[in-house]
Amino acid sequence: MIHIILLILKILGCIILGILALILAAVLIVLFVPFKYELSADYSGEPEAEGKLSWLFGALKVRGSFKDKKLRARASILWFRLFCMGEDEAKAADAVEEAVSDAEAAAKAEAGDILTAAEDVFEKEDVSRGKAASPEGESPEMSSAGELPAPEEKPVEAKKPEERPEVSPGERQKPKRKPVELPPPEKPPEKEKKSKQKKKSKQKWKGKLSALQKQYNKLVHTKEMAEKFWNADFTQGSIAFGKKAVASLLRHLLPKKAAGHIHFGFDKPADTGKILGYASMLYAWYGDSLTLQPDFDRAVLEGDIYIRGSIRLYIFLYWGLRGILNKDLRKLIKFIKHFKGKEETLWQ
């Protein structure tokens with residue numbers, strides 16, 4: 001019995017170890033197998049670009065292009081398509097146009113049938129009316145000349161003026177008395193007015209000066225706090241760590257291969273010379289991979305460029321773990337979270 005239990009436990013342990021090994025292998029593949037990218041662009045009047053991203057020997061592919069002012073993209077894993085943008089939309093637009101044209105044709109045909117049917121009905125009614133009309137069926141009220149008799153004119157009665165009821169002398173209204181207008185209050189002398197205005201203006205200026213003084217004190221306090229924050233040990237340590245991380249990530253993300261040709265020029269030759277001078281300062285970065293052709297005679301911009309590189313995800317995990325373990329960065333985050341109300345205690 002014990003041998004059977006041990007055998008079962010052994011089998012379960014092997015299965016768990018196999019699952020863990022598969023998970024570890026998948027994590028290592030995701031972290032260390034590079035994502036390769038390619039990008040090519042061309043500009044000669046209209047921009048055109050094409051890009052490609054692949055991973056794990058083409059198991060994952062993402063393609064995109066911009067041509068004829070249309071964006072197209074496609075993504076697939078192995079032989080399964082994840083999404084397709086641009087081609088399906090064009091097919092759907094064609095199908096919609098065909099459906100709309102068919103509907104318009106059917107509507108026009110139905111409208112034509114309805115019009116013909118209405119014309120037939122009106123023609124039948126006109127024929128039936130013509131048959132029914134005869135000289136015997138004329139109205140007796142018609143005169144010999146074929147005109148109707150004039151209507152009788154009724155005498156217009158003149159309106160009588162409305163009689164006003166007689167009012168007795170006792171019922172007559174008494175005339176209303178006008179309200180007695182009181183003389184306006186005497187105005188204070190001009191000297192009192194001027195003294196009041198001076199007091200009000202002094203109070204306003206005092207309020208403005210006190211508000212300005214408060215704002216100035218706030219600015220001075222903010223400046224002192226910013227200087228303390230900038231000169232703090234954890235701030236300088238975090239800045240040094242950030243510089244190292246950004247430099248490492250840029251070295252990893254920049255393309256391994258780049259080639260291109262740019263032909264440029266401006267209306268003013270001086271502007272062309274300035275741009276060429278600024279570009280020559282970056283010659284150590286692009287080297288012989290990029291060719292610049294200035295044109296001092298006319299305004300022009302055309303060229304093409306091609307870049308290729310790779311990205312590995314382990315670099316982001318590496319710098320993320322280093323940032324979590326960095327004491328200066330943790331203290332900086334803590335200071336930012338609890339800045340309000342704890343300014344003095346956090347400097348210690």
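For region 11-54, what does the relative contact order come out to in percent, with C-alpha contacts under 8 Å and a separation of six or more?
The value is 28 percent.
Packing around the peptides 216-227, 301-312, 68-79, taken as the average count of other Cβ atoms within 10 Å per residue, puts them in this order, highest first: 301-312, 68-79, 216-227. Round to a whole number: what % of the accessible area of region 210-302 belongs to carbon and sulfur, probe 1.4 Å? For region 210-302, the apolar C and S fraction of the accessible surface comes to 63 percent. Rounded to two decimals, the Cα-based Rg/Rh of region 227-348, with Kirkwood Rh, is 1.21.
Using a cut-off of 15 Å between beta-carbons, work out the net charge of the residues near ILE29 (Lys and Arg +1, Asp and Glu -1, ILE29 not included).
Values: positive: LYS36, ARG312; negative: none.
My count for the surroundings of ILE29 gives +2.
If I take every Cα pair under 8 Å that is 6 or more residues apart in region 198-348, average their sequence separation and divide by the length, what percent do I get for the relative contact order? Show your work: numbers first, answer last.
Working: 115 pairs, mean separation 44.0, N = 151.
Relative contact order here is 29 percent.
Please go through the residue pairs LYS243/LYS337; LYS228/LYS331; LYS36/LYS257; LYS69/LYS257; LYS70/LYS257 and name each one whose alpha carbons sit more than 21 Å apart in this structure. Violating the 21 Å Cα-Cα cut-off are LYS243/LYS337; LYS69/LYS257; LYS70/LYS257. Taken about its Cα centre, region 212-348 carries a charge dipole of about 1060 debye when Lys and Arg each add +1 at the Cβ and Asp and Glu each add -1 at the Cβ.
Calculation over all alpha carbon pairs of region 1-92 in 10 angstrom steps from 0 returns a P(r) of 14, 26, 22, 14, 11, 7, 4, 1, 0 percent.
The values are calculated or read from the model by the stated rules, or taken from the named source; none is laboratory data. All figures in this text were calculated on a predicted structure; none of them were measured in a lab. When we count neighbours, we look across all protein chains shown, and the Cβ atoms used for this are built from the backbone with ideal geometry, even at glycine. Remember, those area values only see protein heavy atoms, side chains included, never the ligands or the DNA or RNA. Shrake-Rupley method; radii C 1.70, N 1.55, O 1.52, S 1.80 Å.
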